[in-house]
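Colleague: Mind looking over this structure? Questions follow.
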Amino acid sequence: MSDLEVQTSEPGTVYEQLYRLDWRDRNGRMRVQHPKDVGRFLDYLASEPVYAEYMTRTENIPAHAGLVKKGIDYKMSPAAKAALEVFVADVQTLTPTAYAIQGYKYNRALFNPTAARLGQAIVGEISFDDAMKRIASDAEEQIKAAQK
């Protein structure tokens with residue numbers, strides 16, 4: 001087994017989930033030439049030791065529940081490390097809905113208007129009530145556009 005190969009016998013791995021996907025585009029052509037290999041590679045990237053190393057080097061907040069519990073050994077100044085550890089500790093408090101939305105097909109149609117409109121409300125360009133209305137209409141518009 002090469003370094004890039006990962007055992008994928010347990011159901012629900014990234015490999016298993018990807019293998020069940022329909023890899024065809026709207027015209028019936030394969031979008032990926034080797035879906036099994038893509039799945040195996042993603043399993044490798046999502047494996048705990050590789051993902052931990054990636055989070056350490058990129059100074060990001062992990063979405064891996066096991067790593068959140070263990071903690072990440074960030075290589076940075078004590079102040080920056082302490083700040084990131086606060087955010088990492090909060091990952092455990094995410095609601096199932098907040099966690100699931102990360103993989104939602106149209107999540108950008110929700111995230112982008114939310115950030116833009118709340119930003120406008122915070123700086124006083126629009127009211128909070130207007131921001132909420134605009135978030136809803138912008139998200140609806142972007143989802144419709146993405147479905148075409």
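Residue-wise test of (1) out of contact with any Ser or Thr (no Cβ under 6 Å at 6 or more places or on another chain); (2) of a type in the set (D, E, K, R); (3) exposed (fewer than 14 other Cβ atoms within 10 Å of the Cβ).
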| residue | (1), (2), (3) |
| --- | --- |
| 50 | yes, no, no |
| 57 | yes, yes, yes |
| 60 | yes, no, no |
| 82 | yes, no, yes |
| 86 | yes, no, yes |
| 90 | yes, yes, yes |
| 124 | yes, no, yes |
| 127 | yes, no, yes |
| 135 | no, no, no |
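Colleague: Could I ask something else about it? Of the residues in the stretch 40-76, how many are on the phi > 0 side of the Ramachandran plot and within 17 Å of the chain's Cα centre (by Cα)?
Modeller: 1
No value in this document is a laboratory result; all are computed from the given coordinates. Please read all numbers here as calculations on a predicted model, not as lab measurements. Don't worry about glycine lacking a Cβ; one is built from the backbone with ideal geometry, like all the others, and counts go over all protein chains shown.
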